[in-house]
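Reviewing the structure listed below.
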Amino acid sequence: MQLDAALPIVRALADGINPVTGELYPDHSPYAEPRALRALYSAVDLMQKEIDREKRRERLPANFGKAWTLEEDGVLASEFDSGVSLPEIARRHQRTQSSIRLRLEKLGKIEPTPAN
């Protein structure tokens, strides 16, 4: 089961609601026990964070975090020397503009950005 499908179920249990029927669990239910409630709310929090993290990952370019190859370095240097814009280079390499900038610094094509 995917986290985004499981989260509403665990959230309902944490709220004392039967996820199938929508009815409230009685006060003597195991879901009303304080340790169980804390565990369920902790699980809800962790699940939500992981779902949010996965959504952020999906928005990143396909090559984000991947190692650079010598061939890609050559293409990058050539594109930069030809005057291709950084946003276009980033799009072509499926990387962030920051990654492109850092790689160009490493290749000696641009001066390092001073740290603040």
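Of note:
- Pairwise Cα distances in segment 3-59 exceed 17 Å for 41 percent of all pairs.
- Restricting the calculation to alpha carbons of segment 62-116 gives Rg and Dmax of 10.6, 33 angstrom.
- Magnitude of the charge dipole for the chain, about its Cα centre and with charges confined to Cβ atoms of Lys, Arg (+1) and Asp, Glu (-1), is about 260 debye.
- In a simple Cβ point-charge model (Lys, Arg +1; Asp, Glu -1; nothing else charged), segment 31-99 has a dipole of about 420 debye relative to its Cα centre.
- Cα-only Debye scattering, the chain: base-10 log of I(q)/I(0) at q = 0.15, 0.19, 0.20 Å⁻¹: -0.72, -0.96, -1.02
- Taking amide H positions as modeled 1.01 Å from N, with prolines and chain starts lacking one, the residues under 5 Å from Ile17 and 5 or more places away or on another chain are Tyr25.
Every read-out reported here was derived from the displayed coordinates using simple, explicitly stated rules and does not represent laboratory data. These numbers come from a predicted model, not from an experiment. Cβ atoms come from the backbone with ideal geometry, glycine included; neighbour counts cover every protein chain shown.
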